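The values are calculated or read from the model by the stated rules, or taken from the named source; none is laboratory data. From a predicted model like this one, the values you see are computed outputs, not experimental measurements. A quick note on method: Cβ atoms are made from the backbone with ideal geometry, for glycine too, and the neighbour counts reach across all protein chains shown. Just so you know, the surface numbers come from the protein's heavy atoms only, side chains and all, with ligands and any DNA or RNA stripped out. Shrake-Rupley method; radii C 1.70, N 1.55, O 1.52, S 1.80 Å.
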2 protein chains.
Amino acid sequence: MAGRPKIKDIADMVGVSPATVSRALAGTGLVAEPTLSRIRETAAALDYRPNVSARNLRTQRSMAILLVVRDAGNPFYLEVFKGVEAAAREAGYSVLMGNTEDDPVRETEYFAMLGDGHADGMILMTGKLPAPNDTRATGDEPVVVALEMVEGSGYPHVVIDNHAAALSAVNHLIELGHQNIAHITGPLPEPMSQRRMEGYRTAMKLAGLAIREGFEQRGDYLLESGVQCCRALLALPVLPTAIFCANDEMAFGVIGELNRQGVSVPDDVSVVGFDDLFLSAAFQPPLTTVSQPRADIGRQAMTILLSRLSGAAVPDEPVVVATQLKVRGTTAPPKSLTTQHQGRHQ
Amino acid sequence: MAGRPKIKDIADMVGVSPATVSRALAGTGLVAEPTLSRIRETAAALDYRPNVSARNLRTQRSMAILLVVRDAGNPFYLEVFKGVEAAAREAGYSVLMGNTEDDPVRETEYFAMLGDGHADGMILMTGKLPAPNDTRATGDEPVVVALEMVEGSGYPHVVIDNHAAALSAVNHLIELGHQNIAHITGPLPEPMSQRRMEGYRTAMKLAGLAIREGFEQRGDYLLESGVQCCRALLALPVLPTAIFCANDEMAFGVIGELNRQGVSVPDDVSVVGFDDLFLSAAFQPPLTTVSQPRADIGRQAMTILLSRLSGAAVPDEPVVVATQLKVRGTTAPPKSLTTQHQGRHQ
DNA sequence: TTGAAAGCGCTACCAT
DNA sequence: ATGGTAGCGCTTTCAA
């Protein structure tokens, strides 16, 4: 009995057939009592663990799921991963993490891992499917899309209401008395960036506020673009008194640049972010931002995927999880509520 | 030919045996030219992908490795993951991420996944092995320990020189002219925290500086403990002019608390962290800290693991990767270089 | 309640 | 250079 014990070893020791051992260990309730206990004890004594490859081959399942993200270096995904992992392990699944780096080749590759026995299902957080000619993605693969939207794909979605969240963030600024509110967008025309921008526009419109020329700056979610856009904003004839950034990372870039230029946050300019990253609350001053329940999103996505995998029904409408505006230290009323009333131009 | 194509399907279509197909696709160079191309073309046409469970069962390998961390929610590990993942995929491996949450049960469980076909090897970042009575960890499992130290375990290690790094951080403060330098430790007696503390002590000693009573505060790497320790420091009869924190997260807690108490960083007090987290450079002011080449650590650990898995030799001395002190905005000379000379007491 | 045996899809050995 | 085939370890019919 060299090497790891196998089912046959237990069977031989106990004096039953491998089939009985398999049934006993699977807890099918089909094995009678004297035998059952002896099998269990022997298995424990040998420290037996079923070989997963053999089991997977036989059952045609891997008990693994694939979490595919755009950039595994972004801490944003970590919390999601945690939620996914927790729900997965409760159900006996392990989690493979895939990192596309926006590379279409990788996207296709990960998608293919669904079919080749690597994983039974997939949680997609990249916002896009591999090019249709590369795969036969029919829309009924066991895939759940989280946070992003893959329009018309037929997959279940777990999302936040980006439009409403952005709107509430901008409304907060408006309620503080701001009128010259700028927005730094994410990469357009990605739907997520689009929605947040539309939320900004809607809030402005509902408040009867004009969006001055140059007040919409186009960023790409990275720190450096926050810096650049901030510079562009500071070069404008009329300066904004508040800036709504499409994510926290850009907000940090903005705040850094404002400080460097001697502009105080929030005294001179208010800044709002989006994401509530790890340590955003620890920033100086603590960042006002839209908080996403990331672990919860992960957990929900995994739960839906598990239903899907067990053949149960899945929601055909996107599941919307609530966001929360965290008002912290980077927002305040504008310095001089009245001196900003220079009228509006388009 | 319903379902996914298998090797036999290709064999039938091309009119060769499954063995030949397997050899052709494996690129063994044992298949002659007219056949080779036809097999490849047919495989491509069918979009054939080998079933991994079958292959794994047959080859007794999973082509997966396990990256086990203490807390998957800590962005610190992300960069490491990226390095591991990159090196892994180059070699055709996938990466399973395991999250122990310091739970011994999970630690044992992940360790067991090494034997049951889940993974071929493991990169351990938890700093401890499962209790020895739970596992037959003999020290020659394919395990590489990264960043932490598992003394006397016999596994290859990839580490940083915590002592030297801490020493250089404190030296930087000393060179700026600081004498009253406090230290907030990690959780003791963990080796990593210990080493950093010893580095601090060595630097002080070499400079002939006394460590005043209360200048060593015991933290636990979490933000909140930075806040608490900072309060304790501020209650001391003689205030430190500089604080060396055993990680960035506590440094953020410290800076936040200093700000709240009206103490300016770095004008009144200098702060140095350790880790160089995502966004530490974007902090206001940008954090002076010890930068660890995380992706590189991950990559190196994976490279060693790959050697180990291919039967090659592995370093029997810990591989030490270089850290770098990033001098940024939270350190400056002490406010009044001379008024601090009140003599020393033990 | 238990056993016998087929077979998941692949690779690698032994032939030819 | 290619084919035949055993067998990796498990689960699951079918029979008893």
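Tabulated data for the structure shown
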| item | result |
| --- | --- |
| Accessible area of A:Met63 in the full protein assembly, 1.4 Å probe (Å², nearest 10) | 50 Å² |
| Region A:51-202: C-alpha gyration tensor shape, a/c 1.5 cut-off, then a/b vs b/c | prolate |
| Residues in region B:106-124 that, when all protein chains are in place, have 20 Å² or more less accessible area than the chain alone would give (probe 1.4 Å) | B:Arg106, B:Glu109, B:Tyr110, B:Ala112, B:Gly115, B:Asp116, B:Gly117, B:His118 |
| Once the Cα gyration tensor of region A:1-43 is diagonalised, semi-axes √(5λ) in Å | 17, 10, 8 |
| Within-9-Å neighbourhood charge of A:Asn247 [Cβ basis; K, R +1; D, E -1] | -2 |
| Rounded FRET efficiency, nearest 0.05, which uses the C-beta distance separating A:Arg49 from B:Glu41 and R0 of 60 Å | 0.90 |
| Residue-averaged 222 nm ellipticity for chain A, from DSSP H runs of 4+ at -39500 (n - 2.57), nearest 500 | -12000 deg cm²/dmol |
| Axis-nearest residue in chain B [Cβ, rotation onto A], distance in whole Å | B:Pro75, 2 |
| Label point 7 Å beyond Cα along the C-beta direction, distances from A:Pro50 to other copies (nm, shortest first) | 2.5 |
| Value of relative contact order over region A:205-346, rounded to a whole percent, pairs C-alpha under 8 Å and six or more apart | 25 percent |
| Listed residue (B:Gly208, B:Thr323, A:Leu176) projecting farthest to the positive dipole end of the protein assembly as shown, Cβ model | B:Thr323 |
| Summed side-chain charge close to A:Leu287 - residues other than A:Leu287 whose Cβ falls under 14 Å, Lys, Arg +1, Asp, Glu -1 | -2 |
| Between region B:29-59 and region A:149-217, the Cα center-to-center distance that results, in Å | 50 Å |
| Proximal aspartates and glutamates relative to A:Lys128, as straight alpha-carbon distance under 15 Å, when same-chain residues fewer than 8 apart are discounted | A:Asp71, A:Glu101, A:Asp102, A:Asp103, A:Glu107, A:Glu109, A:Glu141, A:Glu148, A:Glu151, A:Glu190 |
| Taking chain B and dividing mean pair separation by its residue count, relative contact order in percent (alpha carbons under 8 Å, at least six apart) | 17 percent |
| Rounded to the nearest 20 debye, dipole of region A:1-43 from Cβ charges on Lys, Arg, Asp, Glu | 140 debye |
| Rounded, prolate or oblate (a/c below 1.5 giving rounded, otherwise prolate when a/b exceeds b/c) for chain A by Cα gyration tensor | prolate |
| Cα centre as origin, Lys/Arg/Asp/Glu Cβ charges: the protein assembly as shown dipole, Debye | 460 debye |
| Nm distances between copies for A:Ser307, ranked from closest, using label points 7 Å along Cα→Cβ | 5.1 |
| A:Arg231 accessible area, assembled protein chains, probe 1.4 Å, Å² | 110 Å² |
| Computed magnitude of the charge dipole of region B:7-140 (debye, nearest 20; Cβ of K, R +1, Cβ of D, E -1) | 540 debye |
| Ranked by how many other beta carbons lie within 10 Å on average, peptides A:150-159, A:267-276, B:115-124, A:28-37 from highest | A:267-276, B:115-124, A:150-159, A:28-37 |
| FRET efficiency, B:Glu317 to B:Asp71 (Cβ-Cβ, R0 30 Å, nearest 0.05) | 0.55 |
| Pairwise FRET efficiency - A:Gln60 versus B:Gln324, Cβ, R0 = 45 Å, nearest 0.05 | 0.35 |
| Top of A:Ala165, A:Ala312, A:Ala45 by mean-square fluctuation, Gaussian network on chain A, Cα under 10 Å | A:Ala45 |
| Set of lysines with alpha-carbon distance to B:Lys335 below 27 Å, sequence-local pairs under 8 removed | B:Lys205, B:Lys326 |
| Rounded, prolate or oblate (a/c below 1.5 giving rounded, otherwise prolate when a/b exceeds b/c) for the protein assembly as shown by Cα gyration tensor | oblate |
| For region B:187-346, accessible area per residue (1.4 Å probe, heavy atoms of protein chains only), Å² | 44 Å² |
| Computed over region B:7-46: relative contact order in percent, which uses C-alpha pairs under 8 Å that are six or more apart | 38 percent |
| Label-to-label distance, nm, for residues given as B:Leu236 and A:Asp267 (7 Å Cα→Cβ offset) | 3.1 nm |
| Gained length - A:Glu90 relative to A:Asp103, 0.36 nm times residue gap less alpha-carbon distance | 1.5 nm |
